[in-house]
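What follows is one structure encoded as structure tokens, with my remarks underneath.
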Amino acid sequence: MVQKTKSVWFCSSCGNESPKWMGRCPACGEWNTMVEEKVAAKGASVRKSDEFSPGTSSRLLSLAEIDSTEESRITLNSAEMDRLLGGGIVEGSLVLIAGEPGIGKSTLSLQIPLHCQGLKTLYATGEESAKQVKLRAARLGGDGSGCLIYSETLVENIIAEAKRTEPDLMIVDSIQTVYTQTMESSPGSVSQIKECTSMLLRLAKDSGIPVILIGHITKEGSIAGPKVLEHIVDVVLQFEGDNTGAYRLLRSIKNRFGSTAEMAVFEMTGKGLREVSNPSEMLIPMHGQGLSGIAVSAMLDGSRSFLIEVQALVSSAAYGTPQRSATGFDVRRLNMLLAVLEKRAGFRLGVKDVFLNMAGGLRVSDPACDLAVICAVLSSNFDFAIPSDVCFAGEVGLSGEIRPVSQIERRIAEAARLGFKSIYVSAFGVINSNPAGIGIIRVADVPSLCRKLFREEKR
Ligand code: TYD
Ligand code: MG
């Protein structure tokens, strides 16, 4: 019998399904993201509502009845990965590692079995041949005896093999290459990705095997990006940073078993990814060089505090309209800060080009970096280097006031640990402890900051 197929349209950004083409996805509001795919017509297999029989699948439980013992977790023998996952990978969970091609997803996931002796791992690879995986493993070093490589892309086979071998962990590299026979569309299409992920989710939940999926995203987050999967999986870890530099950031953007807003830093070396346990070291590279346009900010990201270097370049606009560009920082916020400097402190920056860069390819959203941003801009504008033993933590308000930021004690402690002598903070916050006793310079607004920082230093 010929199986009937029908066309449906999927949004490649959010996975929303629609019976007809639309210019704009009604679910996520993105334009031009609907793609046509052929799927098997459901027809006879749909269960009629009168056949519904309550009580056959699962029964009602009161909250008190439900078992509340902690999920059991498997440690991955990597301090950073375990922390990101909230203390090891939870049994029966589905974890997505997403990132641009070439950023290190395969390397990271292959390192897990190599670093965990005795962890039986099934590594299903559709991207690379078994031999390529072997060559990579040889380069990474470690004990590969517990790692079973399975070069297969049919998801039914992968699931059958997982049930047969009962591994402690399964890795699927990548979700874009696997496909299921029940769908007509090609591997990598939205319907295939959604269906394969649901099948792997069922495997994980039924068997208790944790499954790590690898998913590619393109720069535009386009065609069947893992965005489609985010609501199906339990944990999403996303690689950030540009893959030309050595440093890679892995951020947890969803975690049903731990905190999000956690991040870990890795360095790509000749022998795979190395954990960077002290990110401040890479984030303040030019520290102490006496250059203008550099200010160090004490920031928080997730549960970590570290210092990051903010670099600015201010120059006379070469063309009519001044340019403003920012890497790793919201350019609208930069414009706002420049407007504050112009209006509240009288600096004529409206005729200048301003370029801003956060060290290490990090994307910063902590408002505490405002103070370092304006100091870097002013430092470049006056061509006056900020002393290397000073750092900053404060939010800048629209009226030019410096506002207090959260967890200032942790920022101060991190600054002290890295040998900074003083930190500029808001005059309004309360500081409960400063065990290292570094200098705390309180500033109320932008003019008083300039008086303290630039006048005092010039003397
Ligand atoms: P890979 O893990 O294959 O990326 P992805 O799976 O995300 O596409 O990593 C690819 C890059 O990492 C590649 O450009 C080579 C580099 N690399 C190293 O620098 N050192 C190593 O030890 C390994 C294994 C890869
Ligand atoms: Mg890969």
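Bear in mind that the values in this text are calculations on the coordinates, not laboratory data. Computed from a predicted model, the values in this text were never measured in an experiment. Backbone-built Cβ (ideal geometry, glycine too); neighbour counts: all protein chains shown.
Quick notes on this one:
- If only the Cβ of Lys and Arg carry +1 and only the Cβ of Asp and Glu carry -1, the dipole of region 283-458 around its Cα centre is close to 200 debye.
- Taking Lys and Arg as +1 and Asp and Glu as -1, the other residues whose beta-carbon sits under 15 Å from that of Cys116 total -4.
- Stokes-Einstein D (µm²/s) once Rh is taken as the Kirkwood radius of region 283-458 over alpha-carbon pairs, at 4 °C in 1.567 mPa s: 82 µm²/s
- Partnerless Cys - the chain, beta-carbon criterion under 4.7 Å: Cys116, Cys147, Cys196, Cys369, Cys375, Cys391, Cys450
- Amide H contacts under 5 Å for Tyr150: Tyr123, Ala124, Thr125, restricted to partners 5 or more places along the chain or on a different chain, H placed in the peptide plane at 1.01 Å from N.
- Value at 222 nm in deg cm²/dmol, rounded to 500, when DSSP H runs of n ≥ 4 in the chain each add -39,500 (n - 2.57): -7000 deg cm²/dmol
- ³J(HN,Hα) computed for each position of region 267-283 - Karplus, 6.51 cos²θ - 1.76 cosθ + 1.60, integer Hz, glycine/proline x: 10, 7, 10, x, 10, x, 8, 9, 6, 9, 7, 10, x, 4, 4, 8, 8
- Volume per residue of the convex hull around the Cα atoms, evaluated for the chain, comes out as 208 Å³.
- Interchain or long-range residues, amide H under 5 Å from Ser93's placed H: Val211
- Within region 74-277, DSSP assigns beta bridges of which about 45% are antiparallel (rounded to the nearest 5).
- Charge context of Ile308, other residues only, Cβ under 12 angstrom, K/R +1, D/E -1: -2
- Put simply, the amide H of Ile217, placed in the peptide plane, has neighbours under 5 Å in Gly99, Glu100, leaving out anything fewer than 5 places away on its chain.
- The relative contact order of the chain, computed from alpha carbon pairs under 8 Å that lie at least 6 residues apart in sequence, is 12 percent.
- Above-threshold pairs, the threshold being 20 Å between Cα atoms, out of Lys134/Lys271; Lys6/Lys194; Lys134/Lys163; Lys38/Lys163; Lys131/Lys194; Lys20/Lys254: Lys134/Lys163; Lys38/Lys163; Lys131/Lys194; Lys20/Lys254
- Residue-wise HN-Hα coupling along region 17-34, computed from phi with Karplus coefficients 6.51, -1.76, 1.60 (Hz; x: Gly, Pro): 9, 9, x, 9, 6, 9, x, 10, 5, x, 7, 10, x, 7, 8, 6, 10, 6
- The DSSP beta bridges internal to the chain are antiparallel in roughly 55% of cases.
- Residue-by-residue Karplus 3J(HN,Hα) for region 339-352, coefficients 6.51, -1.76, 1.60, Hz, glycine and proline x: 5, 4, 4, 6, 7, 8, 10, x, 7, 8, 9, x, 9, 10
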